[in-house]
Amino acid sequence: MRRVKIIEEKFFIWISAFMTYSLIAVLIFIILVIFIKGFGALNWDMVLKTPRGGYYYGGEGGVLNAIIGSLYIAVGATLIAIIIGVPAALYLNVQLIRYRRTQNTIRYFLDALWGIPSIVYGAFGFSLMIFFGMNASLLAGIITVALLIVPIMVRTFDEVLSTIPKGLHEASLALGSTRTETAFKVLFKQGFPGFITAVLLSFGRGIGDAASVLFTAGYTDNIPVNLDEPAATLPLAIFFQLGSPIPEVRDRAFASAIILTGIILTISIGARILSKRYSRTNLT
Amino acid sequence: MQIRRIFLDKVNGFWMVFSMITILIIPFIIGVGLYLKAAPLFENQSLLKLIFSSSWAPSTGEFGFWPFITGSLYVTLLSFLFTAPVCLFAAIYLTQFSSPGLIRVMHPVIDVLAGLPSVIYGVWGILVIVPFVSDYAAPFFGTSSSGYSVLSGGIVLAVMCIPYTLNMLIEVFNTVPNGLKEASLSLGATMWESVKHVVIRGNYPGIISAYGLGIAKAFGETIAVMMVVGNMVNTSGNPFEAAYPLPALIANNYGEMLSIPMYNAALMFAAFLLFIIILMINLFFRYLIHKTKRQ
């Protein structure tokens, strides 16, 4: 009886450990496959040139248009998300601090929003665009992606703000500051590492999302100069190049995938380093 | 000075309320907007017919979403079969057995897996999973397959959803009070028995919610699935054949939808359907999780 118990425990611990380590293996596997496959086609032309004539038939050029377009969209959307999201998160943690029920209801609601798929935002952005008579453009892409990342921004920032001790808040009010001063000068500073994490997380989500910009941002070989011009994006560049029957173009899709993966990994590592650096100076 | 402060307080206060309200009404605007766009479709077809009919002929105005809905469900369920055990065991190991060092390593691993864009998963699926299915998995079961199949979609989707579900499960398991587990251990149960009876059994609602949210996430995933699933209507139920999920339908046809009457409305109806289904699942299971947390 005892033996059976011990064997059962050994067996299940072994399986659990195996599953856990296999996740690390899968991550390494994905990254390795992408890097090995795309490394041959990766060169400075890919990063520094826009597509020339006949690029999609194996001609020369690169995906600079998509890299810049993606950065524009992600930066613009993150800015909008900061402008709307940060005050909302602070509001949730300052003005509503005495109403736990309301706070929890809003959090619950935002959590549910997080799960809405990006294709729905894309379809909605598209109908909005038609409604206002716009064409597929940088602006439409930015607005759609902003809608997508606002709930992420608010919830991530809020998660950190909600751990700030109430005493700090009360001390600030006791010294005579107004509520908004408490929010922007005390809580924002104390929650700054959370802010950095929230910004980088939403930026990463914005730069990697394909389904929402598929309808709204369009696709072009040029670098957009104005907000009403269409913009290419990196995920879509990968997707379109991969659909080509020509092997060289497909190889370039893999090289573009390396660029995108590199950007995402940099953001992810950067978020960790930055949030650690800023939380060192915090009160605890 | 005093006036300036009060003025700033008012302006900032207004801005905060305004942004909070904006965020809260966005989902309603999305829902209503999509519904209005889809409304022309209801004029000559009943809702039930739209959902349960399986004839799809946009040029004659026939829109039956059933094959696409079943396609989505099929891929999602298959991915769930792969996700569920991996997430459960990994979450148990991480919260109960592992060393602090492993947790320090696993946090970034899960974050990066969750942060990788779906296109990257799609590329990986095309490079690895599709050839695997066509060269090894299909011959093993005695059939042939191009590789672009429900099975490939399920596998890629499973890998994408693992970090999401796993995070949720870890959160759920962390709420188990240590005292309960210690009580079980002190009565002579082994560690695994305590986990089985206290951590798993005591957390049924939490575990089911985490799985439910993972399924909702899988149901709406677009690009990665679209790249490996083949995008052809399949009613045979064979996992080695292609399927056509609902999000892929929207993404594939946006180009031509303005040229055919009602096509636009039909695709917006598909988006509306996705929105409502996923929002409902999310609201339900989030509610369960919030409730268990409060206890």
- [ ] Give the residue from B:S72, B:Y148, B:I21 lying farthest towards the positive end of the charge dipole for the protein assembly as shown; charges sit on Cβ (+1 for Lys and Arg, -1 for Asp and Glu) and the dipole is referred to the Cα centre.
- [x] B:I21
Open item on the list: What is the sum of charges, Lys and Arg at +1 and Asp and Glu at -1, for the other residues whose Cβ falls under 13 Å from the Cβ of A:E9?
Closed with: +3
Task: Helix-derived mean residue ellipticity, 222 nm - over chain B, DSSP H n ≥ 4, -39500 (n - 2.57), to 500 - done: -22000 deg cm²/dmol
Open item on the list: Just to make sure I understand: if all protein chains stay in place, what is the order of B:K291, B:K196 by accessible area at 1.4 Å, largest first?
Closed with: B:K291, B:K196
Open item on the list: For chain B, set up a GNM with springs between Cα atoms under 10 Å and report which of B:T70, B:T143, B:T175 has the largest fluctuation.
Closed with: B:T143
- [ ] Taking every pair of Cα atoms in the protein assembly as shown, average 1/r, invert it to obtain the Kirkwood radius, and report Rg/Rh to two decimals.
- [x] 0.98
Task: With DNA, RNA and ligands ignored, accessible area of A:F12 (1.4 Å probe; Å², nearest 10) - done: 50
Task: Accessible area that becomes buried as B packs against A, both chains, 1.4 Å probe, Å², nearest 100 - done: 7300
Task: Residues B:I6 and A:L32, FRET efficiency given R0 of 45 Å [Cβ-Cβ distance, rounded to 0.05] - done: 0.15
TODO: Tell me which residues come under 5 Å, amide H to amide H, from B:W56 once H is placed; ignore anything under 5 positions away on its chain.
DONE: B:G64
- [ ] Per DSSP H run of at least 4 residues, take -39500 (n - 2.57); add these up for chain A, divide by its residues and hand me the 222 nm value, nearest 500 deg cm²/dmol.
- [x] -24000 deg cm²/dmol
TODO: Counting only C-alpha contacts under 8 Å and six or more residues apart, can you give the relative contact order of chain B as a whole percent?
DONE: 27
Open item on the list: For B:T235, what accessible surface area do you get with a 1.4 Å probe? Give it in Å², rounded to 10.
Closed with: 120
TODO: Have a look at A:G208, A:G58, A:G115 and tell me which one the Gaussian network model of chain A (Cα, springs below 10 Å) gives the largest fluctuation.
DONE: A:G115
Task: Where labels lie 7 Å past Cα in the beta-carbon direction, separation of A:I246 and B:L48 in nm - done: 5.4
- [ ] Taking the Cα atoms of chain B, report the difference between the largest and smallest coordinate on each principal axis, in whole Å and largest first.
- [x] 77, 70, 34
Open item on the list: I'd like the FRET efficiency for B:Y204 and B:S236, computed as 1/(1 + (r/R0)^6) with the beta carbon distance as r and R0 of 22 Å, rounded to 0.05.
Closed with: 0.05
TODO: Report, to the nearest whole %, how much of the accessible area of chain B belongs to carbon and sulfur atoms, 1.4 Å probe, protein only.
DONE: 67
Task: With every protein chain in place, chain A: carbon and sulfur % of accessible area (1.4 Å) - done: 67
- [ ] Could you list, in their original order, any pairs among A:K185/B:K217; A:K166/B:K10; A:K37/A:K276; B:K196/B:K291 whose Cα atoms are separated by more than 30 Å?
- [x] A:K185/B:K217; A:K37/A:K276
Task: Threshold 40 Å², the range A:185-221 residues less accessible with all protein chains present than alone (1.4 Å probe) - done: A:L214, A:F215
- [ ] Could you rank A:I36, A:I80, B:I29, A:I264 by how accessible they are, 1.4 Å probe, largest area first?
- [x] A:I36, B:I29, A:I80, A:I264
Task: Protein-protein interface of the range B:264-291, residues with accessible area decrease of at least 30 Å², isolated chain reference, 1.4 Å probe - done: B:M268, B:F275, B:I278, B:L279, B:N282, B:L283, B:R286, B:H290
Open item on the list: Using each residue's phi in the range A:70-76, evaluate 6.51 cos²θ - 1.76 cosθ + 1.60 at θ = phi - 60° and report the 3J(HN,Hα) Karplus result to the nearest Hz, with x for Gly and Pro.
Closed with: 4, 5, 3, 4, 5, 5, x
Open item on the list: Could you derive backbone 3J(HN,Hα) for the range A:111-126 from the dihedral phi with the Karplus parameters 6.51, -1.76 and 1.60 (θ = phi - 60°), listing whole Hz in sequence and x where the residue is Gly or Pro?
Closed with: 4, 5, 5, 4, x, 5, x, 5, 5, 5, 4, x, 5, 5, x, 5
- [ ] Any chance you could check the Cα centroid distance between the range A:177-212 and the range A:215-284 for me, in angstrom?
- [x] 21
Task: Rg/Rh ratio calculated on Cα atoms of chain A (Kirkwood radius) - done: 1.07
Task: Per residue accessible area in Å² of the protein assembly as shown, where ligands, DNA and RNA are left out and the probe is 1.4 Å - done: 45
- [ ] May I ask you to evaluate 6.51 cos²θ - 1.76 cosθ + 1.60, the Karplus curve with θ = phi - 60°, for each residue of the range A:257-274 and list the ³J(HN,Hα) values in order in whole Hz, giving x for glycine and proline?
- [x] 4, 4, 4, 4, 4, x, 4, 4, 5, 4, 4, 5, 5, x, 4, 4, 5, 5
Open item on the list: Students sometimes get this wrong: rank A:Y57, A:Y278 by accessible area, probe 1.4 Å, all chains present, largest first.
Closed with: A:Y57, A:Y278
Open item on the list: Taking each pair of distinct Cα atoms in the range A:14-124 once, what is the resulting Kirkwood hydrodynamic radius in Å?
Closed with: 19.2
- [ ] Provide the solvent-accessible area of B:W15, counting protein heavy atoms only and rolling a 1.4 Å probe, rounded to the nearest 10 Å².
- [x] 90
Task: Listed residues A:A140, A:P230, A:L265: farthest to the positive end of the dipole of the range A:45-280 (Cβ charges) - done: A:L265
- [ ] Please identify every one of the GluC sites (Glu not before Pro) in the range B:174-274 that sits in a loop by DSSP and has no more than 15 other beta carbons within 10 Å of its own beta carbon.
- [x] B:E256
Open item on the list: Given a 10 angstrom Cα cut-off, can you work out which residue in B:M106, B:M227, B:M262 is the most mobile in a GNM of chain B?
Closed with: B:M106
- [ ] Could I have the simple spin-label model distance between A:S22 and A:K185, label points 7 Å from Cα toward Cβ, reported in nm to one decimal?
- [x] 5.6
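The values are calculated or read from the model by the stated rules, or taken from the named source; none is laboratory data. Bear in mind that the values here come from a model prediction, so they are computed numbers and not experimental data. No Cβ is skipped: glycine too gets one built from the backbone with ideal geometry, and neighbour counts run over all protein chains shown. Surface accessibility is based on the protein's heavy atoms, side chains included, excluding ligands, DNA and RNA. Shrake-Rupley method; radii C 1.70, N 1.55, O 1.52, S 1.80 Å.
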